[in-house]
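Everything below concerns the one structure shown next.
Values quoted throughout were computed directly from the atomic coordinates according to the rules given, and no laboratory measurement underlies them. As the structure is a computational prediction, the values presented were derived from the model and not from experiment. Cβ placement follows ideal geometry from the backbone for every residue including glycine, while neighbour counts extend to all protein chains displayed.
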Amino acid sequence: MTDTPKIAQKAPYPVAVTAGRTYFWCTCGRSAKQPFCDGSHKETSLEPMKYQAETDKTLYFCGCKATTKPPFCDGSHNKL
Ligand code: FES
Ligand code: FES
């Protein structure tokens, strides 16, 4: 069991979210459906992070998994 996230990509994933819908951001970096969880975290001790959209808009979900403002990109990928 590892708790080390993998870098899915060193850039955010833009996603047009829908108000009221719930999303599960992949924290482990192993999902094939980035930036969201596909259950692949089973091989780790990590869990997805739940996010409920309040409005319809495009959000930038962190792909590097090193953000300090999860589930969103905060520019930390530029230091990797
Ligand atoms: Fe990464 Fe679920 S697959 S948190
Ligand atoms: Fe992770 Fe930008 S993609 S901080």
**Positive-end extreme of charge dipole, the chain - chosen from Gly20, Met49, Ser31 (charges on Cβ)** = Ser31
**Item:** the chain - share of DSSP beta bridges that are antiparallel (%, nearest 5)
**Value:** 90 percent
**Item:** Long-range HN-HN contacts of Tyr23 with modeled amide H, under 5 Å
**Value:** Tyr51, Gln52, Ala53
**Request:** Can you tell me the dipole magnitude for the chain around its Cα centre, using point charges on the Cβ only (Lys, Arg +1; Asp, Glu -1), in Debye to the nearest 20?
**Result:** 160 debye
**Asked** According to a simple spin-label model (label point 7 Å from Cα along Cα-to-Cβ), what is the distance in nm between Met49 and Ser76?
**Response** 0.7 nm
**Asked** Cα atoms only, the chain: Rg and Dmax in Å?
**Response** 12.0, 37
